[in-house]
Amino acid sequence: QVQLVESGGGLLQAGGSLRLSCAAPATITGINAMGWHRQLPGKERELLAMLTSDDTAHYADSVTGRFTISRGNAKNTVNLEMNSLRPEDTAVYYCNVIRYLINYWGQGTQVTVSS
């Protein structure tokens, strides 16, 4: 089991920015990709952004140009910079790590954007 630590959620007004961070244990190896998903109330969890081991970033159409995924300074960390946030971005955001092709999930962090 891989324990993921998420941080950075919160409440903010529309148009604002927020950064989410996720850390996997620095000692582990074999990470294929790290990324972020979100789940809106009553909806299925959706992929937002993923960073593969070769540093290729993939984004959902809904966040392209607004969200940026990047590696953190510490090993096995990833950040999601979210700009121009909208009320419809309100959701629980989950960190996702794929290690040896197995998915691991963080506990989720709430992001609430008020109009």
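Tabulated results
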item: Residues satisfying the stated conditions in the range 59-111, i.e. of a type in the set (D, E, K, R) and either assigned to a strand (DSSP E or B) or touching a Ser or Thr at 6+ places or on another chain (Cβ under 7 Å) (or both); result: 66, 71, 81, 99
item: Matching residues, the range 48-61, being surrounded by 15 or more Cβ atoms within 10 Å (Cβ to Cβ) and over 23 Å from residue 29 (Cβ atoms); result: 48, 59, 60
item: Subset of the range 64-82 (residues that are of a type in the set (A, V, I, L, M, F, W, C) and either at pLDDT below 95 or surrounded by fewer than 20 Cβ atoms within 10 Å (Cβ to Cβ) (or both)); result: 74
item: Filter result (of a type outside the set (A, V, I, L, M), open to solvent by 10 Å² or more (accessible area, probe 1.4 Å) and in contact with a strand residue (DSSP E or B) (Cβ under 7 Å, 6 or more places away or on another chain)) within the range 84-99; result: 86, 87, 90, 94, 99
item: Residue that is farthest from residue 88 (Cα to Cα) [pool: residues in the range 8-42 that are modelled with pLDDT of 95 or more, of a type outside the set (A, V, I, L, M, F, W, C) and open to solvent by 50 Å² or more (accessible area, probe 1.4 Å)]; result: 32
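For (1) touching a Gly at 6+ places or on another chain (Cβ under 6 Å); (2) within 11 Å of residue 21 (Cα to Cα); (3) without any contact (Cβ under 8 Å) to a residue 24 or more places away in the chain, each residue gets a yes or a no:
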residue	(1), (2), (3)
66	no, no, yes
86	no, no, no
95	yes, yes, no
107	no, no, no
112	no, no, no
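The values are calculated or read from the model by the stated rules, or taken from the named source; none is laboratory data. Note that the structure is predicted; figures quoted are calculated from it, not measured. Here Cβ is always computed from backbone atoms with ideal geometry, including for glycine, and neighbour counts include all displayed protein chains. Just the protein is used for accessible areas: all its heavy atoms, side chains included, with ligands, DNA and RNA removed. Shrake-Rupley method; radii C 1.70, N 1.55, O 1.52, S 1.80 Å.
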